[in-house]
1. Can you give the FRET efficiency to the nearest 0.05 for residue 22 and residue 1, using r as the Cβ-Cβ distance and R₀ = 30 Å?
2. How much length, in nm to one decimal, is gained on full extension between residue 9 and residue 92, taken as 0.36 nm per residue of separation minus their Cα-Cα distance?
3. Given the peptides 74-80, 30-36, arrange them by the average over their residues of other C-beta atoms within 10 Å, most packed first.
4. So if the hydrodynamic radius of the range 4-71 is defined as the Kirkwood radius over C-alpha pairs, what does Stokes-Einstein give as its diffusion coefficient at 10 °C and 1.306 mPa s, in µm² per second?
5. Helix-only estimate, please: 222 nm mean residue ellipticity of the chain, summing -39500 (n - 2.57) across DSSP H runs of length 4 or more and dividing by its residues, to the nearest 500.
């Protein structure tokens, strides 16, 4: 899976980035978890859950994480937060294909 290869290059840096932003769960979905990923054209689709109860702080952490993930992967990142996926068809499609890439709940 492409996402695993991208993380393997700097696994500790990736884990530190997630931990620093209080990431509870980070999932990848879309082409990055399939064989359809185009290294030159594809972006990276991610869903994040942050352990910050204050909505303003959570929003700031998500924006900071988004920026740092784009630097980390050297690619455009589409970062969604789970409660904001309102389209039932999109939600179902994501649920069927998403892959857990970070678990900070442990």
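Just so you know, all these numbers are worked out from the coordinates, no wet-lab data involved. None of the values given here were measured: they were computed from a predicted structure. In this analysis, Cβ positions are derived from the backbone assuming ideal geometry, glycine residues included, and neighbour counts consider all displayed protein chains.
1. The value I calculate is 0.75.
2. Stretched out fully, the residue 9 to residue 92 stretch lengthens by 26.8 nm.
3. In descending order of packing, they fall as 30-36, 74-80.
4. 123 µm²/s
5. -13500 deg cm²/dmol
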